[in-house]
1. For the chain, with all protein chains present and a 1.4 Å probe, just round the carbon and sulfur fraction of the accessible area to a whole percent.
2. Can you tell me which of K125, K162, K103 moves the most in a GNM of the chain? Springs connect C-alpha atoms under 10 Å apart.
3. Quick one: among N89, N50, N31, which has the greatest mean-square fluctuation in a GNM of the chain with alpha-carbon springs under 10 angstrom?
4. How about the chain: what cysteines have no other cysteine beta carbon under 4.7 Å from their own?
5. Given springs between every Cα pair under 10 Å in a Gaussian network model of the chain, which of S30, S159, S111 has the largest fluctuation?
6. Hey, what's the chain come to in accessible area per residue, 1.4 Å probe, Å²?
7. Within the chain, how many lysine pairs that are 8 or more places apart, or on different chains, have C-alpha atoms less than 22 Å apart?
8. Looking at the chain, what % of the alpha carbon pairs are farther apart than 19 Å?
Amino acid sequence: CMGATTNLYSTGGGTYVWAPSVGLSNSNISNPVANPTVTTTYVLTVTNNNCTATDNVIVTVNPLPATPTITVATNDLTSSSISGNQWYNNTNQSKIVNATLQKYIPNASGSYYVMVTDNNNCTAKSLPAQFVWTNIETYKNNSNISIYPNPAKNNITVSINKKDVVINVLIIQGILMK
């Protein structure tokens, strides 16, 4: 993949000359590190006691996939890439298990990014996106509770048609408001 390195190896002895030298850490050793920007055929010439041997190796450079962007919606994150997605929690740099679809619905507020892998196993990483959980799930207990607006930005209204009800409000970090 573009930007990746690979080690070239040769054994035998004598003097080594790798050509072209472009993209090599050292063209006169048996095991240079190759980092070409385009697919390159390297020719190795080894000379030992007036005997010369030649061989070649092709280093294929695959382009990176397009860098994905993340669209943040009320309840989900969407990658610009249709396939090859893997979502990560940017806060603790952890891979989110089974989060491989184009859309991801976070279960908490935080910073997230997506890594896209193509068929050549080349990867591209998005910039992190901040997600703030703002939606309130519909309460389905036939208890005549209304919570609005949904989603909410600054204020919410809770309307209850019962007496003796306790409501706990938690801020985004999960801390109980008093």
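The values are calculated or read from the model by the stated rules, or taken from the named source; none is laboratory data. What you are looking at is a predicted structure, and each value in this text was computed from that prediction instead of being measured. Neighbour counts are summed over all protein chains in view; Cβ atoms, including those assigned to glycine, are modelled from backbone coordinates with ideal geometry. All accessible areas refer to the heavy atoms of the entire protein, side chains included, with ligands and DNA or RNA removed. Shrake-Rupley method; radii C 1.70, N 1.55, O 1.52, S 1.80 Å.
1. Values: 6190 of 12200 Å².
Looking at the chain in its full context, I get 51 percent from C and S.
2. It is K162.
3. Comparing N89, N50, N31 in the GNM, the peak value goes to N50.
4. Lone cysteines by the Cβ rule: C51.
5. The residue that fluctuates most here is S159.
6. Using a 1.4 Å probe on heavy atoms only, each residue of the chain averages 69 Å².
7. Numbers: K95/K103; K95/K125; K103/K125; K140/K162; K140/K163; K153/K178; K162/K178; K163/K178.
So the count of such lysine pairs works out to 8.
8. Numbers: 11151 of 15753 pairs.
Within the chain, distances greater than 19 Å cover 71 percent of Cα pairs.
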